[in-house]
Amino acid sequence: VTTAHHQALSRREAVALTNARGERATLRLVVDIPDSVPEPRPDSPQNIRTSNPFGLEPDGSCALWLVDASRNVVWKVDICTSTFAPLAVFPPTVNAGPVGPPRIDAVPTSARTWNGDLLVSFLSGAPFLPGLASVKQVKPSTGEHAPFFTGLRMVVDVLPFGDALWTSWCSSL
């Protein structure tokens, strides 16, 4: 994707792409989530928190669940109206370890529909302490969330497959 493509997308124009094998795709901007939001700290009043869209899950004909790993939120995106709103925001965890910051970010990485709910996987932030990664069950109607699998190290995704759930992670338990 070139700079010209980025500019066209920002003007809400569709961009047609073709790869080396002749496969085609058309890109269009569905919703424009801000790249960053202010997050002042005592030591850095101009500090910001960037967005890191990490995973998408469809939900009906006009809706998507968008996981933002940096802002620790699952957004509900309506692609028919080009609007978005937070479904669930995940707070940081107190760092009980000897190294790293006082709080550890949740870092959601994916959302998957399962039995009418969402299963959201969490990598956990630095220093990536064993046991902080998890999968939470989120109610799409309210955003309420509860632990589903806990005590993991670095979960990247979970995939409902029939009655079973498959997980992928970066390290063993």
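The values are calculated or read from the model by the stated rules, or taken from the named source; none is laboratory data. Please read these numbers as outputs of a predicted model, since none were measured by experiment. Glycine also receives a Cβ, built like all others from the backbone with ideal geometry; neighbour counts cover every protein chain displayed. Each accessible area value is taken on the protein alone, full model and side chains, heavy atoms only, with ligands, DNA and RNA left out. Shrake-Rupley method; radii C 1.70, N 1.55, O 1.52, S 1.80 Å.
Couple of notes before you dig in:
- With distances taken between every two different alpha-carbon atoms, region 62-151 has a Kirkwood hydrodynamic radius of 13.6 Å.
- Mean accessible surface per residue for the chain, computed with a 1.4 Å probe while every protein chain stays in place, in Å²: 60
- Whole-angstrom Cα spans of region 121-164 along principal axes, big to small: 33, 25, 13
- Accessible surface of region 1-84, 1.4 Å probe, proportion on carbon and sulfur as whole %: 53
- The charge dipole of the chain, taken about its Cα centre with unit charges on the Cβ atoms of Lys, Arg (+1), Asp and Glu (-1) only, comes to about 180 debye.
- Helical mean residue ellipticity (222 nm; -39500 (n - 2.57) per DSSP H run of 4+; nearest 500) of the chain: -1000 deg cm²/dmol
- Dividing the convex hull volume of the alpha carbon atoms of the chain by its residue count gives 174 Å³ per residue.
- Distance between the pseudo-spin-label points of ASP32 and SER82 (7 Å out from Cα toward the beta carbon): 0.8 nm.
- Expressed as a fraction of 2.2 N^0.38 Å, the C-alpha radius of gyration for region 1-95 is 1.33.
- Cα→Cβ-extended label distance, 7 Å offset, between THR113 and ALA96, nm: 3.8
- Longest site-free stretch - the chain; sites: trypsin sites (Lys or Arg not before Pro), DSSP loop, at most 13 other Cβ within 10 Å: 29-173
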